[in-house]
Structure formats: C-alpha cells, structure tokens
Amino acid sequence: MGYRDLFRANTSNREAALKSALDWWRGLPTPPRNEHDHINNWAPTVSNLLSCDNLLNMWGAQFENLCLHVHAVRDHARQVADTTLGLQHGMARMTKEQRTKVFADYLFTQRSQDGTTCCGVIDFVLYGGDKKEIETGRRGQPGAIKLRRSAGRGIDERCSAVGYYPGLF
C-alpha cells in the first residue's frame, strides 16, 4: 500500500491510525531498522545542536554533524544535482555520509536573499517572531516573513502560530 492509499485510508480517523501504528511498533521484538539509535543517540544530538543557545553560534563542523543526524537532510543530499554541489564526474559514487557532508558544506555557505544564513533561517523557524509577523509576499510586501528573534518561543508555539497542529506530540 502506497502513501496515498494510506492517507486515504487513515485521513478520516487519524487517532485510530496512530494507535494502530503504535500497537504494531510495540509488538515488534526489536526495532525494524536503526530507530533505537535514532531515538537514543541522534535525537539528543540534534536537540542539542538546534538549541536556542547553540544554533546561531554553530560553525561548519557542527552543522555537518547536525546534517548527518537528520534523516531528511541525508535523504535530500543524495537527490541534489552533482553540479549544484560542485562535484565532478566520477564523484557521484559517494557514501550517504560523504555526500551529506558535501551537501552540509554547500548549505552552510548559502544565504537567503536578505543575507540570512541557513542557521538564521532555522532559528527563525524554531524560535522566531509572532504570527502577526508572517505576511504573504516579498520582504516588506505580502508573502515575506520578517526575520526577528523572539526569545523563549519554541517549535510548538511556532507551529500553533501558523495554524499547524500535528496532534502527534
């Protein structure tokens, strides 16, 4: 069953789908993949690196470590065009870790149109301003997000500020 089929089957009763998935998980003798490592080792590493105190002070090797511990980044790194990463012919046969490191180095040097670093953008998403600061255009016009840090705001508050309630946490 594909993702779309699962969505259709479970969209009307998300709680039952979640309960079913958790019951399945509890019934397993061991985690099916690396989940134990991800939960017990990766999650604390990521949480520490993304903390309010560390994020804006992060340097290249720390950002690389962050990227190596986020499955979505690792997965995306393998999909980025070789030319985007400055890779020459023959370098495409890297391990997932090697390619993630190259992608992390590339991403760490990128800037938004207003000069904000990738860590600055992540910081805004996790700890940024109020809902009234989210508009609908380019900076100063509808659609832009004014990057202003508001101390003490966490991801749960950011999600609710934009109307996203995952219901899983």
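Of everything in the stretch 61-102, what is charged (D, E, K, R) and under 14 Å from the mean Cα position of the chain (by Cα)? Give them in sequence order. Matches in the stretch 61-102: GLU64, ARG74, ASP75.
Hey, among LEU50, LEU28, LEU22, LEU55, which residue is in contact with a Cys (Cβ under 7 Å, 6 or more places away or on another chain) and farther than 30 Å from ARG93 by Cβ? The unique qualifying residue is LEU55. Taking the conditions (1) more than 30 Å from TYR127 (Cα to Cα); (2) assigned to a helix (DSSP H, G or I) in turn, PRO29 satisfies each one other than (2). Screening ASN48, ASN65, ASN54, ASN40 for residues that are part of a helix (DSSP H, G or I) and touching a Ser or Thr at 6+ places or on another chain (Cβ under 8 Å) leaves exactly one candidate, ASN65.
Being in the same structural domain as ALA61 (by TED's automatic domain parsing) and modelled with pLDDT of 85 or more is the filter; apply it to the stretch 1-46 and report the residue that is farthest from the chain's Cα centre (by Cα). Taking the candidates together, the pick is ASN41. Look at the stretch 47-71: where a residue is outside the structural domain of GLY120 (by TED's automatic domain parsing) and a partner is of a type in the set (Asp, Glu), sitting 6+ places away or on another chain with Cβ atoms under 7 Å, you get LEU55/ASP123; LEU56/ASP123; GLY60/ASP105; GLU64/ASP105; LEU68/GLU97.
For every residue, the table says whether it meets (1) in the same structural domain as ASP53 (by TED's automatic domain parsing); (2) at pLDDT 50 or above.
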residue: ASP82; (1), (2): yes, yes
residue: GLY90; (1), (2): yes, yes
residue: VAL125; (1), (2): no, yes
residue: ILE145; (1), (2): no, no
residue: ARG149; (1), (2): no, no
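Per the conditions (1) outside any loop (DSSP other than H, G, I, E, B); (2) loosely packed, with under 11 Cβ neighbours inside 10 Å, the sole criterion not satisfied by ALA17 is (2).
The values are calculated or read from the model by the stated rules, or taken from the named source; none is laboratory data. Since this is a predicted model, take the numbers as computed values, not measurements. Positions of Cβ are generated from backbone atoms using ideal geometry, with glycine treated the same way; all protein chains shown enter the neighbour counts.
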